[in-house]
Each structure stands twice: as structure tokens, then as C-alpha cells.
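Peer 1: Have a look at the structure that comes next, please.
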Amino acid sequence: MDTSHLSARQAAELLGVSLPTLYSYVSRGLLHSQSLAGQRTKTYAREDVLRLQVRNSDSRRAGAAAESAIAWGVPVLESRISLVADGQLYYRGKSIRELAKTLSLEETALTLWDRDSSNVFASTSLPDTGKTWWQLLNGSTDLSPLARAMSILPVLENVVESDVEHDDYSKATIWMRYLAAALLAIPPTHQSLHQQLALCWQVDQHTAEILRAALVVCADHELNVSTFTVRCVASTGAHLGMALCAGLGALSGPKHGGESLRVSRFIRHGLQEHSAHLPQYLHQCLQAHQVRDNFSPKLPGFGHPLYPGGDPRGEILMQLLDKEKHAGLFKFASLAEEMTGEILNIDFGLVALEIACGLPAGAAQILFALGRSAGWIAHALEQISDGELIRPRARYVGKFPY
């Protein structure tokens, strides 16, 4: 049975509308009907009906959500890249639970970019930067990894963008490799990105596989703040390097990618200084948060507005760790979840991985940034293809002229 197409009645039922309303959607160009070979009646592509269902749902929500649309409200852009639905995350319709089992970040990037060419990373040569790379690194030794990358990438614009032999996707692979090198303060290479991390952090092959999966689950998360920032910059016509810098700037904030640094301090302090009295430590941290934030049951690394039933990314990361060997981390998570009613999220998972694998402090943020660069590029390319400048209007609420 062909499930890719629906009858008029099936489409109307899925949309929750009458048949006349369905036909009006067709006349208004919101939905397309077609005749399949051997059939007299019109059918509707299931994917098109599902997209219209989402749009209609957002329109119905818009009235109530308009006041808070910028903060966890209705989406402001349409995208084909990733989906958060029913507590799960999908890249181009594929579950991250399955992708994280085998794919590298490079392969995940190609999935997000909707590219079939599996050799684009291997076949794209890196431009010769000569002494420039080392000069750039030497001039940024005192900076954090994110700040170092933001200082280096803009300087490489002419090196990457002036190469007419490379198309946008080849240039995207180069930018990702330069970003990895800048974050790690190493020379750019063609080695797999998770292997570069493993070599730099001097970990074994088993841990390298954990890093691979972690990069995959970090790769995209629809219109998060850094991705929206990247799309805004890309919409102006700026090159990918500048769009990546914009994403890094947004990611550095303590309410986004910088959250992992706070989670790291929170967990490490608890395990190192209060392991014998962990419940008391968590209770004190919870009380301190409640005083500041209107008594909401919140601890760093727990809860996510899009995943009330638990962040699948955090769950995947914790499943990569040996529960007996790292019992302290699992006990920490269990106690915090019991106290708050909120489940650990990706920030806790990344920091738990950082601690369990003996990675340097701040490694969680590097994993997040490098993994997310694949999604940033996907969104930048999608925005460039769309061709529109992102320029929302403001609702003025100040003094009016007399």
C-alpha cells in the first residue's frame, strides 16, 4: 500500500478540516493535488499535508503566543533541516538515536546539508596558509577556544572564499576544518574531526567513538539562538566564516553554549567537595536558585523547555558511559532529578562525558561548538538559497510623538 499519498478524505481528516476547506487550500496554492497513474481521483502528497498541518498549528498558536513568540514561541522561519517532535530530535527526518550509533560528524553534516556526495570532505583540499596559520595561533594563545576561533576565522576569508574551484559545500568543509583547528589550537588536517579531538586530548579509540557520537547529537537543534543568529548573518550575504563567528559569539553566552561551563563547575564542586553529603549540597544549590529565580525547581544541567519528558541528547550521552565505573555521576543526576522533577539535559551529558573521559575542562563547550557548526552551515546554506533578508519589525511600546 502506498502511504506516501493520501486521499482527499484522509488529507482532510489529518488537517482537521472539511473537504470544501481542503479544496480551498488547493485553489489558494497552499496544497497541491495530483493524479497518480491508474487512478481517477486526486491524491495529496503526505509530506505536503504534514507541512500544512504544522503551518496551520502554528497559525492557531500565534494568537496566544504572539506576546512571547521570540522566547520559545512559534517558529519564525520554515526549515527542512531538523525537527523536534514528541520528545525526539530528527535530522532531515532521521532520528539522532540512530545517526549517533554509526555516523561521523562529517557524515552527519552531509545529511544536514542534504548532500549525497560522501567524499566531499576527503576530496576537498585545504588551502595553503603558509606561516599565516601559526602567526594567527601565536597571536591568540591567551584567548578561550571560542574567542580564538572568532579571532582567526575572519582573517581566512580571502584564503577560502576566493578559491573559485570550490563550490559552497567544499568551502563549508574547509570552514569546519579551520574551526576545529582554531578551537584546538592545532594545524588543520584532513583527519576525521572526532579523531582530531581524540589525538589532541590524548584519549583511546573507545573514547574517540564516544566523542564521535557526542558531536553527532550536538550537530543541530532547529532555531536555537546561535543558529538563528547564523541565519540572520547569512541572509545579509556575508561569507560562511563570518556566519560561523556570529554563531560562536551567540554560543559563548552563559544562557546557551556557555551553560556547560557553569554545569561543569556545579558538578565538579559537588563531586570533589561534597561527595559525602551530596543531597545537602544539591539542596543548598536548589535553595540558592529559588531565592534568585522565583522558586522554580532548577539546577544547572537539568530540564529543557522542548523536552518535558527528558532531553534525548542527554540520555544518549549518558548511555555512552559505564554506569558502574562512573556511579558518582549517575547518582548525582538521580538525586537532582528526584529533587527538581526535571531530567538531565545535553549540558549535563556533555559535562558528564568530559569528566568521565578525563577530558580537559571546557571540552564540553568545544564539542558543542564543533558539532553545532555542521548545523550552522546547513542553516546558512538554506537561508542563502532562500535569498531573503531576515528583517523582522519591532512593536514600538515607548513614548509616542505628539
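Peer 1: Of everything in region 137-153, what is assigned to a loop (DSSP other than H, G, I, E, B) and crowded, with 18+ Cβ neighbours inside 10 Å? Give them in sequence order.
Peer 2: The answer is Ser140, and nothing else.
Peer 1: Something else: Going by the structure shown, is Thr3 assigned to a helix (DSSP H, G or I) and either more than 21 Å from the chain's Cα centre (by Cα) or at pLDDT 85 or above (or both)?
Peer 2: Spelling it out, it is not the case that Thr3 is assigned to a helix (DSSP H, G or I) and either more than 21 Å from the chain's Cα centre (by Cα) or at pLDDT 85 or above (or both).
Peer 1: I would also like to ask the following. From Leu370, Leu381, which residue is farther than 30 Å from Pro308 by Cβ, of a type in the set (A, V, I, L, M, F, W, C) and either under 19 Å from the mean Cα position of the chain (by Cα) or buried (at least 17 other Cβ atoms within 10 Å of the Cβ) (or both)?
Peer 2: Testing whether each residue is farther than 30 Å from Pro308 by Cβ, of a type in the set (A, V, I, L, M, F, W, C) and either under 19 Å from the mean Cα position of the chain (by Cα) or buried (at least 17 other Cβ atoms within 10 Å of the Cβ) (or both) leaves just Leu381.
Peer 1: Answer yes if at least one residue in region 189-210 is among the hydroxyl-bearing types (Ser, Thr, Tyr), within 24 Å of Val84 (Cβ to Cβ) and surrounded by 20 or more Cβ atoms within 10 Å (Cβ to Cβ), and no otherwise.
Peer 2: No, that holds for no residue.
Peer 1: Here's a follow-up. Checking the conditions here, which among Gly38, Gly29 is surrounded by fewer than 12 Cβ atoms within 10 Å (Cβ to Cβ), out of contact with any strand residue (DSSP E or B) (no Cβ under 8 Å at 6 or more places or on another chain), on the phi > 0 side of the Ramachandran plot and at pLDDT below 75?
Peer 2: Of the residues listed, the single one that is surrounded by fewer than 12 Cβ atoms within 10 Å (Cβ to Cβ), out of contact with any strand residue (DSSP E or B) (no Cβ under 8 Å at 6 or more places or on another chain), on the phi > 0 side of the Ramachandran plot and at pLDDT below 75 is Gly38.
Peer 1: Hey, another quick one. Within region 219-287, considering only helices (runs of 4 or more DSSP H) that don't extend past its boundaries, which have at least 2 residues that are more than 19 Å from the chain's Cα centre (by Cα) and surrounded by fewer than 19 Cβ atoms within 10 Å (Cβ to Cβ)?
Peer 2: 259-273
Peer 1: Counting only residues that are in contact with a Gly (Cβ under 8 Å, 6 or more places away or on another chain) and modelled with pLDDT of 80 or more, which one in region 54-89 is nearest to Gln10 (Cα to Cα)?
Peer 2: Leu83
For (1) among the aliphatic types (A, V, I, L, M); (2) part of a helix (DSSP H, G or I); (3) at pLDDT below 95; (4) touching a helix residue (DSSP H, G or I) at 6+ places or on another chain (Cβ under 7 Å), each residue gets a yes or a no:
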residue: Gly314; (1), (2), (3), (4): no, yes, no, yes
residue: Leu317; (1), (2), (3), (4): yes, yes, no, yes
residue: Glu342; (1), (2), (3), (4): no, no, yes, no
residue: Phe348; (1), (2), (3), (4): no, yes, no, yes
residue: Leu353; (1), (2), (3), (4): yes, yes, no, yes
residue: Ala374; (1), (2), (3), (4): yes, yes, no, yes
residue: Leu381; (1), (2), (3), (4): yes, yes, no, yes
residue: Leu389; (1), (2), (3), (4): yes, no, yes, yes
residue: Lys399; (1), (2), (3), (4): no, no, yes, no
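Peer 1: Tally time: how many residues in region 94-124 are part of a loop (DSSP other than H, G, I, E, B) and at pLDDT 95 or above?
Peer 2: So the answer is 3.
Peer 1: Read through the list (1) surrounded by 17 or more Cβ atoms within 10 Å (Cβ to Cβ); (2) part of a helix (DSSP H, G or I), then give the number of the only condition that Pro300 fails.
Peer 2: The one condition Pro300 does not meet is (2).
Condition check ((1) in the same structural domain as Trp134 (by TED's automatic domain parsing); (2) assigned to a helix (DSSP H, G or I); (3) among the hydroxyl-bearing types (Ser, Thr, Tyr); (4) under 21 Å from Trp134 (Cα atoms)) across all residues:
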position	(1), (2), (3), (4)
Val155	yes, yes, no, yes
Val160	yes, yes, no, yes
Tyr169	yes, yes, yes, no
Ala180	yes, yes, no, yes
Pro188	yes, no, no, yes
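The values are calculated or read from the model by the stated rules, or taken from the named source; none is laboratory data. All values reported here derive from a predicted model rather than from experimental measurement. Backbone-built Cβ (ideal geometry, glycine too); neighbour counts: all protein chains shown.
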